[in-house]
1. Residue check: is Ala334 part of a helix (DSSP H, G or I) and within 24 Å of Ser445 (Cα to Cα)?
2. Give Asp205, Asp236, Asp277, Asp254 a once-over and let me know the one that is part of a helix (DSSP H, G or I) and in contact with a helix residue (DSSP H, G or I) (Cβ under 6 Å, 6 or more places away or on another chain).
3. Has segment 566-583 got any residue that is over 30 Å from Leu604 (Cβ atoms), at pLDDT 85 or above and β-branched (Val, Ile, Thr)?
4. Do we have any residue at all in segment 269-277 that's farther than 30 Å from Ala206 by Cβ and crowded, with 19+ Cβ neighbours inside 10 Å?
5. Is there a residue being part of a helix (DSSP H, G or I) and more than 30 Å from Asp595 (Cβ to Cβ) anywhere in segment 652-660?
6. Look at Asn494 and say whether it is farther than 30 Å from Val581 by Cα, in contact with a helix residue (DSSP H, G or I) (Cβ under 7 Å, 6 or more places away or on another chain), in the same structural domain as Leu633 (by TED's automatic domain parsing) and not charged (D, E, K, R).
7. Please determine, by comparing only the residues of segment 221-241 that are of a type in the set (Ser, Thr, Tyr) and modelled with pLDDT of 90 or more, which one is surrounded by the most Cβ atoms within 10 Å (Cβ to Cβ).
8. Report the residue count in segment 239-251 for those that are out of contact with any helix residue (DSSP H, G or I) (no Cβ under 9 Å at 6 or more places or on another chain) and more than 22 Å from Ser358 (Cβ to Cβ).
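The values are calculated or read from the model by the stated rules, or taken from the named source; none is laboratory data. Owing to the predicted nature of the structure, the values given are computational and were not obtained by experimental measurement. Positions of Cβ are backbone-derived with ideal geometry, glycine not excepted, and every protein chain shown enters the neighbour counts.
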Amino acid sequence: MRASFRLFLTHRLLWSFIGVTALSCLMWMLGPLITWNETRPLEPALHREIAVSTLYLLWIVLQLIPAVYRAWYNSRLLDRLQVVESDDPAERQATEALLSQRFSEAAMRLKLTHFGRRQGSLWARINANYLYQLPWYLMIGAPGAGKTTALLNAGLKFPLTDTFGNEAVRGVGGTRNCDWWFTDSAVLIDTAGRYALQESQRARDASEWQSFINLLKRYRARQPINGVIMSISVADLLSDSAEARFEQANALRDRLNELHQHTGIHFPVYIMVTKTDLLKGFMSYHGSLDKARRDAIWGFTFPWDAGKPNKQDWHPHFDLQFTQLEQKLQLQLADQMTHERDLNERAECFLFPQEFSSLRPLLSEYLDIVFSPRAETVAWNPRGLFFTSGTQEGLPFDRVMGELSRKLQLRQAGSHSIAAWDRVNRSSPIPGNKGQSFFIRDLLSNLVFRESGLAGSNRRWEYRNQLLHWIGYGMLAGALVIMSGLWLTSYYQNQHYLQQVTARLPVISQQSQQVIHQPADNIFDLLPFLNNLVKLPVSDQFSLDNPPLTMRAGLYRGNQVSDAAWALYQNALKSLLLPRVAQQITNLLRNDPGDDNEYSRNALRAYQMLYQPRNYDGEFLRAWLLQNLQHSLPEKVSARDLQQLDWHLSQLLDQQIQSSPYARDNALMMRKLADNLNNAGRDSTLLATAPRKAQRLTTHNP
């Protein structure tokens with residue numbers, strides 16, 4: 001429970017969720033302050049909800065992408081392995097048709113199969129592994145070394161048995177002349193023995209071996225394999241000649257060097273001595289073991305520096321550990337012999353430690369060839385040496401008694417006790433497929449698979465990957481520095497701008513108090529105040545319409561200041577300038593002497609526009625007012641002041657319909673209307689009598 005809780009607290013999914021939540025909170029709280037092109041896109045709550053939802057959706061997609069990528073990569077790898085490559089397809093079609101079909105069926109299953117955690121909660125399924133993520137181990141050895149037998153009897157769990165039954169444990173490979181064993185903890189690649197020795201068809205075997213390595217490197221570039229399990233058969237050690245053992249060990253060494261050169265990694269090599277049951281007395285000594293002891297590890301490990309070649313001499317450690325194994329067998333010999341009542345079985349049990357000791361010089365010589373240092377190759381050390389027995393069948397070797405017979409020149413047949421004793425075993429050899437596995441399960445499950453991290457990684461790939469990562473980190477750091485510098489610069493420049501605006505407020509406040517108490521008959525007294533209101537948000541360092549980038553970055557406040565100043569300016573126009581305009585037009589109408597009919601009509605028309613919106617014409621009002629103001633300009637008023645007043649009047653009168661803040665003087669309006677009508681009637685009478693007078697003058701002239 002504690003481990004699960006610790007895993008939950010340290011899982012990247014939890015912390016990424018916390019990070020997204022924190023970012024969402026910042027977006028919700030600070031979003032309304034962000035401006036873009038004079039707008040605040042995140043000010044409405046709906047927009048922020050959409051942004052937060054999009055952020056969480058993006059987080060979910062980013063969490064799913066690695067899982068989808070692993071599934072795609074798993075499918076791609078299996079499809080690639082499924083392709084049959086052969087120099088002569090017609091020759092190999094019949095032998096590989098069944099294996100190819102079986103691999104195709106298994107591939108469809110493996111494309112969607114999680115390994116390691118096939119049952120359990122959703123959290124467990126999320127953390128399950130695909131084929132690519134499992135550790136991959138390569139099994140090499142001479143033909144008949146017992147690699148497949150060891151795997152068959154290792155007690156491993158194969159996920160394919162749920163779909164294909166017990167036959168699935170035979171492997172689903174074959175298209176690469178190897179078997180792929182998909183367990184729930186690792187992938188074991190059982191290569192053909194001819195790949196290791198390359199004796200019969202050297203060129204073809206070498207080419208296929210190189211293609212196989214390239215395939216691993218292509219689809220597992222960082223770490224093609226997690227280790228090598230090298231199988232050495234007791235039968236080969238005891239029956240082959242010294243020359244044959246040398247050639248076999250030398251070939252295995254070449255394969256290890258080729259693996260290292262092509263993959264670019266240093267990996268552990270586990271030496272698994274198979275068919276140990278062929279040592280005489282093996283079953284008599286170990287036959288009474290229970291299942292737990294049969295699954296235990298029988299062997300020892302060597303010191304290992306993860307990811308680096310070990311240049312230390314392994315011989316002292318080998319001698320020490322092998323001696324301890326021999327001593328342990330001798331210490332347990334008495335107990336084992338007491339459990340045997342049959343004299344022949346007891347004799348075999350007594351002989352087994354000596355038979356086991358006879359392997360010591362052979363293994364030392366064999367490993368010395370495989371792991372001997374050479375100038376042109378990397379120094380290798382084995383990770384461990386282990387003794388196993390997959391199934392007990394065939395005739396055991398009696399190396400000790402054979403050597404004794406040869407040295408004593410004893411007869412090999414007849415009624416001699418030694419021959420008779422040996423004949424007991426030869427007359428009834430161990431039947432095939434009737435035995436039990438010894439010392440395999442824990443070796444793979446508890447040692448090899450758990451040391452999947454010992455293998456190094458492809459340094460070239462690591463360097464390139466690290467370079468890309470550092471480039472990405474550098475770009476992010478550079479972007480962070482640039483954005484931080486931009487934000488700091490924008491902050492200080494906006495702060496300086498706001499200080500400039502703040503410094504103008506006392507003058508404007510003082511002017512506002514003055515113009516409020518001034519009479520409304522002088523319209524030019526408002527110009528300084530109105531001009532300062534217009535200039536309030538203006539900066540002498542940048543344009544409000546196009547501020548520099550160093551003023552932006554979401555911190556620009558010119559728009560807010562400009563909007564506030566413009567609102568204040570509009571309020572001043574309506575509350576201060578409009579009353580003066582209305583008062584000025586009223587005075588012009590009231591003081592009209594009536595001697596100019598057109599002037600009188602325009603004065604009355606201008607006055608009526610301030611009370612009759614349907615007849616409103618802002619441009620006429622502005623032009624009429626400026627025309628009359630020019631007739632009586634004070635001496636201190638310049639042409640520039642007149643232009644400024646014209647601009648202010650256009651902002652007041654041209655943009656919208658304005659109404660006078662004063663009550664309409666109906667008496668004045670009716671009197672001026674009557675005067676205009678009288679003037680219009682007198683003008684029409686003069687126009688009507690003028691033609692008659694001209695005719696009369698023409699008639700009296702000769």
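1. no
2. Working: Asp236 fails: in contact with a helix residue (DSSP H, G or I) (Cβ under 6 Å, 6 or more places away or on another chain); Asp277 fails: in contact with a helix residue (DSSP H, G or I) (Cβ under 6 Å, 6 or more places away or on another chain); Asp254 fails: in contact with a helix residue (DSSP H, G or I) (Cβ under 6 Å, 6 or more places away or on another chain).
None of the other options fit; the residue is Asp205.
3. no
4. The initial filter retains those residues of segment 269-277 that are farther than 30 Å from Ala206 by Cβ, namely 276-277.
Subset that is crowded, with 19+ Cβ neighbours inside 10 Å: 276-277.
Checking segment 269-277: at least one residue is farther than 30 Å from Ala206 by Cβ and crowded, with 19+ Cβ neighbours inside 10 Å.
5. Step one: list which residues in segment 652-660 are part of a helix (DSSP H, G or I), which gives 652-654.
From what's left, more than 30 Å from Asp595 (Cβ to Cβ): 652, 654.
Yes; the residues of segment 652-660 include at least one that is part of a helix (DSSP H, G or I) and more than 30 Å from Asp595 (Cβ to Cβ).
6. Values: farther than 30 Å from Val581 by Cα: yes; in contact with a helix residue (DSSP H, G or I) (Cβ under 7 Å, 6 or more places away or on another chain): yes; in the same structural domain as Leu633 (by TED's automatic domain parsing): yes; not charged (D, E, K, R): yes.
When the stated conditions are applied, Asn494 passes them.
7. So, considering only residues that are of a type in the set (Ser, Thr, Tyr) and modelled with pLDDT of 90 or more, the one surrounded by the most Cβ atoms within 10 Å (Cβ to Cβ) is Ser231.
8. Going through segment 239-251 one residue at a time, the tally reaches 0.
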